[in-house]
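A quick write-up on the structure given underneath.
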Amino acid sequence: MAKPDTLIIDGHAYRWQELCELRRRQLEAWKATEARQFALFELKEDCRPSSERTASGRFQEPSLFANIGDGRSMSASQLPTSGMPPDQP
């Protein structure tokens, strides 16, 4: 059975294409009346990896110590044990 090209709503017959066109015009009129709000500050591009852009991604894949220094990780013996900086040789 073929799809009917008319819809019966409250006893009135409407063509599907007419309904889509009416809805499109309705949305265009609504967008035209919407007030535009300018940004209060300059928008900047988020350059973080995609896993770090959300809180859940940062929780699932923590990278706190991955980018420290020149990429070398410190061993436990090299970490300071107190709040004082390590002695200089």
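Things to note:
- Residues in segment 3-10 carry Karplus couplings, in order, of 6, x, 8, 10, 10, 9, 10, 6 Hz; the curve used is 6.51 cos²θ - 1.76 cosθ + 1.60 with θ = phi - 60°, and Gly or Pro positions show x.
- Per-residue ³J(HN,Hα) for segment 38-44, Karplus 6.51 cos²θ - 1.76 cosθ + 1.60, θ = phi - 60°, Hz, x for Gly and Pro: 7, 6, 7, 8, 5, 7, 10
- Table column - 3J(HN,Hα) (Hz), segment 18-23, Karplus curve with 6.51, -1.76, 1.60, x for Gly and Pro: 5, 4, 5, 5, 4, 5
All of the numbers you see were taken from the coordinates with simple rules; none came from a lab. It should be emphasised that the depicted structure is a prediction, and the values quoted were computed from it without experimental measurement.
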